[in-house]
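All of the numbers you see were taken from the coordinates with simple rules; none came from a lab. All figures in this text were calculated on a predicted structure; none of them were measured in a lab. Methodologically, a virtual Cβ is constructed for each residue, glycine included, from the backbone with ideal geometry; neighbour enumeration extends over all protein chains shown.
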Amino acid sequence: MASLSFTSSSFRPPELSFGNGNYGNTFKVHRRKKSISVPFAANSPEESLSVPPEKPEIELDFIGPKSGNDGSYPVEKAKAISGEKLLRNIMLDNKIELYATYIIDGKDLLNERTNTELRYLKKKPESWRLACQTIVGNKENSGKVVVQRIPQWKK
């Protein structure tokens, strides 16, 4: 526990002294000071600057379905707070065209396949996901997910 000290003037009348100095009569007022000590509980610097902890973020790279003129595939990047959005909504918010999705990397940052996905993607590999059923993150994890957008004709 820390303490704080205050110095205050006394409520008693000041002491007066008279004297003869080089300049004639002098009049001096002396105030009595009394120290007061007040204990208080001090917060640690971490508590006083309480900044809410940052929510974990998931970085997403969306690889385009068609290669460009130079043969490379365009990559669109997005970020999302872990566990708060469906993959579909992230794509819509970032104006990324909706296609079937193939998860290249970061599968462990996504929710398990839903019953709907199990039914519609029965004959597809585990890395295929429905964007409307895929939750990105679990509110605790962070990392990077790489998604290949599959063109409609390849389904």
Those residues of region 78-93 which are among the β-branched types (V, I, T) and farther than 14 Å from D61 by Cα amount to I81
Find the residue count for region 99-123, including only residues that are exposed (fewer than 11 other Cβ atoms within 10 Å of the Cβ) and over 28 Å from the mean Cα position of the chain (by Cα). 4
Which numbered condition E126 fails, given (1) more than 26 Å from the chain's Cα centre (by Cα); (2) within 18 Å of P151 (Cβ to Cβ); (3) part of a loop (DSSP other than H, G, I, E, B): (2)
Pairs under 7 Å by beta carbon, first residue at positive phi in region 103-114, partner among the hydrophobic types (A, V, I, L, M, F, W, C), six or more apart or different chains? G106/V145; G106/V146
